[in-house]
Amino acid sequence: MSIEITTWLRAFFALQASAMESRGFIEVDAGTDDAARWPRTTGHDVVAIAAVLDPYIREQPLRFGGHGLARRWRTVVDDLERNALDEPRAEYAENRSFWRTLAPMCVYLHSEGAPLPPPEVWEALQALMFDGSEFRNIGPRGDGPFKHFDNVKTFDDLFNEQYKYLRDARGFDELTPDGTPTGKKLKIPRSTNAEVVALADYWSKQFADVREVFGHKDTMQRWKRALADIDQIARTGDPNAVYPKNNAFWRDLKSTAIHIAVADEAPTKWDMAKDAIKDSVKNLPDNIKVGAEKAVTAVASAAGDLAQGVGKIANEAGKGLFSGFGTPLLVGAGLLGLFLISRNRASTEKSS
């Protein structure tokens with residue numbers, strides 16, 4: 001940060017200046033005695049800032065009006081749980097209240113002579129607000145062939161929409177797997193050669209871009225067999241004719257799309273580091289020092305730069321971490337401000 005952090009007062013002004021520069025700000029009643037201005041910080045910004053301040057606030061003796069400030073901080077934390085979790089990348093709805101509370105909390109910490117977090121923490125908070133690339137984007141990065149589908153968040157969502165689109169547009173045949181009189185019947189779209197080629201090209205590219213996870217080899221072999229038929233039949237045939245191997249193709253495509261969705265959301269090294277942090281959180285506060293050491297070691301190994309740790313706000317099971325205002329939001333005193341945000345995804349086969 002451009003402002004050297006030597007006191008909690010400087011910390012507040014440095015955070016506010018960085019947030020306004022990177023996120024912009026809202027100003028009301030400009031030019032009057034009631035003028036107010038606050039940054040347009042995102043959910044993950046304010047959660048990270050709160051994670052840094054929270055343990056220092058808890059350690060104060062609550063003298064000279066501290067009880068009232070503690071109640072205000074509890075309200076801020078409750079607001080974070082309600083409003084900052086579902087859309088952490090969106091502008092935080094309670095920014096005005098958050099920043100109005102942050103200022104007196106920093107004044108109070110200053111008046112009590114509370115120790116400051118190390119410089120790495122302030123650097124990490126700045127990196128968080130200036131770099132939105134820390135989020136790992138899950139799901140398709142475009143519409144794919146045919147058209148735009150609303151409410152598509154994952155690759156299996158996209159497959160389901162493409163399936164329903166062609167099933168409704170072309171009609172379907174209800175079939176068992178090829179070569180078997182029994183087995184689960186599926187409504188197989190009467191897609192054309194051209195449509196099958198478009199789907200094959202799109203999904204082959206997605207398959208090539210995802211990480212190799214369990215089942216990759218078997219799925220690839222099955223998909224290659226489907227592609228061989230497409231190359232031989234669909235690419236050389238009448239583009240408007242119905243593809244004769246639609247039954248096998250749609251079954252293979254469904255398996256491939258589900259595998260791509262799973263691989264796309266499979267944990268990275270950073271995700272596995274978060275698991276170590278999540279385990280340590282379960283043992284807080286009794287074992288916070290031991291848990292923090294494990295968490296920091298995992299983060300350093302996976303991320304390579306502890307100063308970026310605060311920026312890695314991730315959607316993982318931890319939505320109740322604020323519950324009861326009893327569990328520290330900071331893992332490791334002043335080393336890592338990390339909040340684990342809930343994202344529960346139930347993978348269901350909507351197409352059946």
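Which one of Gln206, Ile233, His259 has its Cα pushed farthest toward the positive end of the charge dipole of the range 155-265, where Lys and Arg give +1 and Asp and Glu give -1 at the Cβ? It is Ile233. Would you mind checking the range 91-122 for residues with the amide N under 15 Å from a putative spin-label position 7 Å along Cα→C-beta of Asp29? Counting backbone N atoms under 15 Å from the label point, the list is 96-97, 100.
The simple Förster model, with R0 at 56 Å and r as the Cβ-Cβ distance, assigns Glu4 and Asn151 a FRET efficiency of 0.75.
Can you list residues whose amide H is under 5 Å from Asp173's amide H, if they're 5+ apart or on another chain and H is modeled 1.01 Å from N? HN-HN under 5 Å from Asp173: Ile188, Arg190. Amide H contacts of Thr42 (H built 1.01 Å from N, in plane; Pro and chain starts excluded): Tyr92 sit under 5 Å, all sequence-distant by 5 or more or on other chains. Summary value for the range 155-265: 36 percent relative contact order, contacts being C-alpha pairs under 8 angstrom separated by 6+ residues. Spin-label pair Lys205-Arg170: with each label point 7 Å from Cα along the Cα-Cβ axis, the two points sit 2.0 nm from one another. Each peptide among 204-213, 40-49 gets the average number of other Cβ atoms lying within 10 Å of its residues, and from highest to lowest they stand as 40-49, 204-213. The residues packed around Gln221, meaning those with a beta-carbon under 15 Å from its beta-carbon, carry a net charge of +1 if Lys and Arg are +1 and Asp and Glu are -1. Annotation: the residues Thr192, Thr32, sorted from fewest to most other C-beta atoms within 10 Å of their own C-beta, follow the order Thr32, Thr192.
Ranked by the mean number of other Cβ atoms within 10 Å of their residues, highest first, the peptides 20-27, 115-122 come out as 115-122, 20-27. Protection proxy ranking for 246-258, 169-181, using the average of other Cβ atoms within 10 Å per residue and placing the highest first: 246-258, 169-181.
Quick note: the coordinates plus some simple rules give every number you see, no bench work behind them. All of these numbers come straight from a predicted model, not from anything done at the bench. Note that we place each Cβ from the backbone using ideal geometry, even for glycine, and neighbour counts take in every protein chain shown.
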